[in-house]
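The structure appears right after this line, and notes come after that.
The values are calculated or read from the model by the stated rules, or taken from the named source; none is laboratory data. Just so it is clear, the model here is predicted, and its values are computed rather than measured. Cβ: placed from backbone, ideal geometry, glycine included. Neighbour counts: every protein chain shown. Note: areas computed on protein heavy atoms with side chains; ligands, DNA, RNA excluded. Shrake-Rupley method; radii C 1.70, N 1.55, O 1.52, S 1.80 Å.
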Amino acid sequence: MKTQKLVRLGAVAILAVTMAGCSSWDSMSSRQKATVTGAGIGGVAGAAISGGGVLGTVGGAAIGGVIGDQVGKR
């Protein structure tokens with residue numbers, strides 16, 4: 001039960017950071033926007049795959065951010 005609460009708290013924290021980052025969305029380049037979007041999607045996917053594990057969530061966000069950065073180059 002304690003782990004489940006920690007996972008939910010982590011998800012809320014990631015959402016809060018993502019929303020705070022979006023407050024300056026207009027001044028971001030398309031590459032930066034792609035990086036943020038990729039990190040958000042990767043974090044959610046990592047959490048789903050790892051069953052809410054912290055390492056899976058952070059790893060997914062990191063990998064998603066890198067992929068988003070590379071896609072945003074074009």
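Scanning the stretch 6-19 for residues that are open to solvent by less than 60 Å² (accessible area, probe 1.4 Å) and within 24 Å of Gln70 (Cβ to Cβ) returns a single hit, Thr18. Of the residues screened, Thr37 is one that is at pLDDT 85 or above, part of a helix (DSSP H, G or I), within 11 Å of the chain's Cα centre (by Cα) and polar (S, T, N, Q).
Within the stretch 34-68, being more than 21 Å from Val7 (Cα to Cα) and open to solvent by 60 Å² or more (accessible area, probe 1.4 Å) holds for Val66, Ile67.
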